[in-house]
Structure formats: C-alpha cells, structure tokens
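Colleague: Structure provided below as structure tokens; questions to follow.
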Amino acid sequence: MEQLNNIGASLDFYIFVSIALFSIGAIGVLTRKNMIVLLMCIELMLNAVNLLLVTFSTFFGNGEAQIFVFFIIVVAAAEATIGLSILIMAYRNSKSIDIEMFNKLNG
Amino acid sequence: MSLQMISVILGSLTIASALMVVLSKHPIRSVIYLVITFFFISAMYILMNAQFLAIVNMIVYAGAIMVLFLFVLMLLNLNKEMEPETSRLGLISALIAGGTLFLVMITALRDTFQYGKGYTALKTPESGLVENLGNLLFSKYLVPFEISSILFIAAMVGAVLLAKREKQVID
C-alpha cells in the first residue's frame, strides 16, 4: 500500500521531462516541412503541457487540473480532425504535403 | 528505490522516443514512435495515480487520434521522393531556438526545482480517480463539458465539409 502513495521520482524530474518534450516538439515544428509530422509535433507539445498539469495536480493534491487535461484532450482531438481534413484538401489541390505550399496563398 | 528507478527509465525512454518522432525520416515511423511516447506518458500518469487520465490518454490519443493520422498517411499514399527537405540554415537556427527555449524554461523554473526536490509523496492519492473527477466534471465543470460537445459537432461538420470531394462539373 505504501507504493500507491509514492509518485516515483521527485517533482522536478517530471517538470524536466515535460519541458524536454515541449522543446522537442517546438524543434520539430521549426525543422520539419512535412505537414503530418508538423501536426504530430503539435500533439507532442500538447502532451507535454498535459504532463505538467498532472504533475502539479498531484503536487497540490487538487483534481481540478486533471479536468483541464481532459478538456485539452477534447480540443486536441477536434484540432487534429480539422487539421487533417485541411491537409487532405491541400493535398488534393497541389499533390504535395510540403508546408511551403501555403506560401502560394500570399497572405 | 525501485519505483524511482522505474520512473527515471520511463522518463528517459519518453524523451528518446519523442526525439525519434522528430528525427525519423519516414512519417509512418514518426506515427509509431508518437504512439510509443503516448504509452510512456500514460505510464507516468499511472505512477502519479491519475488513473482516469491514463486510460483516456490511451484510448483517445494512442487509439483514436493516432489511428486517424495513420489512416490519412495510408490514404495519401506518399513515396520517398515526396518527403520535403529542410535547408541546413533552417535546421541550425531551429536547433538554436529550441535549445534556448529549453534553457530559458529550465532556468525560469529553478526555484520550483529546489522546492520540489525531495517531494515524492502523494498528498491526496484519490484525487485522480474516476469518482472524484466525475463529481467535479458533472457539478462544477458541467457547462464547459456541454460546450465541448458543441465544439465536437462543429469540428465534425467542418471536417466533413472540408474533406468532401467537390462535385464534378459536367458540361
């Protein structure tokens, strides 16, 4: 029963992991040109934020942060759906998944 | 002691598989590594006794969203030469920017690190269980919960409308 009351490593370790995940996601968004991999890196950054929220939720013993993680997951699902459908539409029009393709919009 | 070992190994595996998402050239390998990363993150949730979120993360993220990604990848039928290339200058500047972001966040949270150094005990172990979260979700956060269902309907209609093939013009 003692194991259940222990989160393994200390709090700073979990914060370190989530910052590292966020930075890896940011580097991925900046370097990759493939639109699908870009969307996946955004999911990675969202998961880093989720991990941080859960870490502080256990630290303060407050469950409300986990409700926010639940809502983040909901919004991420909607965002992935819309992003992928925009990607399919763009691929149908230009036969390419390079993000540079959107330069043609001349915004 | 052994639990600490497990969590350190888990954290390093998470970071390694997240790195592989960015580094691997083939998009399908990226998807598989991302699924592995999500499973490791779910394991961390279980270590922190957030059981409901661990299950939701596995079903929604690793199950639904990643299958959607894989499905779109298979649908597009990409081949090797269509993989876009990144310029060397862009790669170096992105690495510098990401590394700086990492360093700045680590430094900004230095006090928090000191505060949480020896902290390994759960204050209220039952806060992440389904009973507690369900009580919160259906009392205090009922209105955002209902609004999220409207968001889902809007996303569904938008996705169908965007991805629908346009009518062929016959003349």
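Colleague: For residues that are more than 7 Å from every other protein chain (Cβ to nearest Cβ) and aliphatic (A, V, I, L, M), scanning just segment A:56-74, find the one that is surrounded by the most Cβ atoms within 10 Å (Cβ to Cβ).
Modeller: Once the filter is applied, the top-ranked residue is A:A65.
Colleague: Out of A:L51, A:L105, A:L11, report the one residue that is within 26 Å of B:Y33 (Cβ to Cβ) and free of Cβ contacts under 8 Å to residues at least 60 places away in the same chain. Spell out the reasoning first.
Modeller: Numbers: A:L105 fails: within 26 Å of B:Y33 (Cβ to Cβ); A:L11 fails: within 26 Å of B:Y33 (Cβ to Cβ).
Result: A:L51 is the single residue among A:L51, A:L105, A:L11 that is within 26 Å of B:Y33 (Cβ to Cβ) and free of Cβ contacts under 8 Å to residues at least 60 places away in the same chain.
Colleague: Quick test of your reading of the structure: A:V74 fulfils all but one of (1) under 16 Å from B:V56 (Cβ atoms); (2) out of contact with any helix residue (DSSP H, G or I) (no Cβ under 8 Å at 6 or more places or on another chain). Name the failing condition by number.
Modeller: A:V74 satisfies every listed condition except (2).
Colleague: Which one of B:A163, B:A108, B:A159, B:A97 is at pLDDT 85 or above and under 27 Å from A:T81 (Cα atoms)?
Modeller: Result: B:A159 is the single residue among B:A163, B:A108, B:A159, B:A97 that is at pLDDT 85 or above and under 27 Å from A:T81 (Cα atoms).
Colleague: Those residues that are of a type in the set (G, A, S) and under 12 Å from B:L75 (Cβ atoms), I need them from segment A:78-100; list them, please. First the steps, then the outcome.
Modeller: From segment A:78-100, those of a type in the set (G, A, S) are A:78, A:80, A:83, A:85, A:90, A:94, A:96; that's our starting set.
A:S85 - this is the single residue of segment A:78-100 that is of a type in the set (G, A, S) and under 12 Å from B:L75 (Cβ atoms).
Colleague: Go through segment B:1-19 and report how many residues are surrounded by fewer than 17 Cβ atoms within 10 Å (Cβ to Cβ) and either more than 7 Å from chain A (Cβ to nearest Cβ) or more than 26 Å from A:F60 (Cβ to Cβ) (or both).
Modeller: 7
Colleague: Out of (1) surrounded by fewer than 19 Cβ atoms within 10 Å (Cβ to Cβ); (2) touching a residue at least 24 places away in the same chain (Cβ under 8 Å), what's the single condition that is false for A:K95?
Modeller: (2)
Colleague: Kindly evaluate B:V67 against the criterion of being at pLDDT 90 or above, out of contact with any strand residue (DSSP E or B) (no Cβ under 8 Å at 6 or more places or on another chain) and closer than 25 Å to A:D98 by Cα.
Modeller: yes
Colleague: I want to confirm something. Restricting to segment B:22-58 and keeping residues that are more than 24 Å from A:G28 (Cα to Cα) and among the small types (G, A, S), which single residue is farthest from the other protein chains (Cβ to nearest Cβ)?
Modeller: Result: B:A54.
The values are calculated or read from the model by the stated rules, or taken from the named source; none is laboratory data. Just so it is clear, the structure is predicted and the values come from calculations on it, not from any experiment. Here the Cβ is made from the backbone with ideal geometry for all residues, glycine too, and neighbour counts use every protein chain on show.
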